[in-house]
Amino acid sequence: MRKKIVAGNWKMNKVHADAINLATEVIGSSYDGSVNLIVIPPAVFVSEITKIAASSKVAVGVQNTSQFEAGAYTGELCTAMIKSVGAQYALVGHSERRAYFNERNEVLAAKVKQVLKDELTPIYCCGEMLEEREKGNHFNLVKTQIKEGLFHLDSSQILNCVIAYEPVWAIGTGVTASSDQAQEMHAFIRELLTDKYGADTAQSISILYGGSCKPSNAKELFLNKDVDGGLIGGASLNTSDFIAIANSF
Ligand code: PEP
């Protein structure tokens, strides 16, 4: 059975007191436990939040990692550091990293490798911009992102990955992909995984949907057979919305 996952990407929001408050609320709240809950705060708060989460079922992730092992890379955080403070997950290739920090599939492939090397779980993000969907190029684009970012991995490595499909036109816009659009792309991604790694492996990999997911639409999205949960931006900044989404399976 695939893992059901709801992960909250806080992006560059919250100062210290607010971040600790939000983490404490999420960790102390009642969710039904049938889903793996992950909080992904700004990196500066991760160490403290992993301590608060230590005896709970909530896992902690980071929003970005370096593709390099260690050394003279001013301003970067490497996977060994992230692992050493207790984080378990790392986003790789969020569309904002791709758009504003020029992260290309080749660099993201190196990040995925590095994340796995230090035994963290990558949440590899993919998804098309609106113009690509309008041109009918969305399947090709996602196929290239998946092939170039992930297909250097062997079967045992890909089994330790999570994929997040996030159509860029739905992120932070209030416009959600329809349930059918989400299922169609998730099934397509699973087919790519099946062709490369075989059905057993493909059926074991969780594929999350991201893009304006909220309590009012989470249930419908999560009912789809290839949607294994959500990567949540805006709604993860509010405890009751985030927990309501987690309880939507
Ligand atoms: C995201 O940034 O990963 C995201 C899904 O954001 P939002 O939920 O705000 O659209």
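Where a number appears in this text, it was derived from the coordinates with a stated rule and is not lab data. Keep in mind it's a predicted model, so treat the numbers as computed, not measured. As a convention, Cβ positions derive from the backbone with ideal geometry for all residues, glycine included, and neighbour counts pool all protein chains shown.
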_Based only on other Cβ atoms within 10 Å, what is the fewest-to-most ordering of Asp118, Asp195?_
Asp195, Asp118
*asked:* For a quick check of your reading of the filter: which trypsin sites (Lys or Arg not before Pro) in segment 187-239 sit in a DSSP loop and have no more than 11 other Cβ atoms within 10 Å?
replied: Lys225
_Using helices alone, I'd like the mean residue ellipticity at 222 nm for the chain: each DSSP H run of four-plus residues gives -39500 (n - 2.57), total over residue count, nearest 500._
-12500 deg cm²/dmol
*Based on Cβ point charges of +1 for Lys and Arg and -1 for Asp and Glu, what charge dipole magnitude is obtained for segment 1-83 about its Cα centre, in debye rounded to the nearest 20?*
300 debye
_Taking the beta-carbon count within 10 Å as an exposure proxy, list Val142, Val85, Val175 from fewest neighbours to most._
Val175, Val85, Val142
*How do Tyr89, Tyr165 rank when sorted from fewest to most other Cβ atoms within 10 Å of their own Cβ?*
Tyr89, Tyr165
*asked:* Counting only GluC sites (Glu not before Pro) that sit in a DSSP loop (anything but H, G, I, E, B) with at most 14 other Cβ atoms within 10 Å, what is the longest stretch of the chain containing none of them?
replied: 120-249
*Could you tell me which of Ile123, His186, Ile82 has its Cα farthest along the dipole of the chain towards the positive end, charges placed at Cβ (Lys, Arg +1; Asp, Glu -1), taken about the Cα centre?*
Ile82
*asked:* Among Ala72, Asn102, Val6, whose Cα projects farthest towards the positive end of the dipole of segment 1-146, with charges put on the beta-carbon of Lys, Arg (+1) and Asp, Glu (-1)?
replied: Val6
*Which value, in debye to the nearest 20, describes the size of the charge dipole of segment 1-160 about its Cα centre when Lys and Arg Cβ atoms bear +1, Asp and Glu Cβ atoms bear -1, and nothing else is charged?*
280 debye
*Quick one: how many lysine pairs in segment 46-199 have C-alpha atoms under 25 angstrom apart, if they're 8 or more apart or on different chains?*
20
*Any idea what the relative contact order of segment 121-208 is, in percent, if you count C-alpha pairs under 8 Å spaced at least 6 apart?*
36 percent
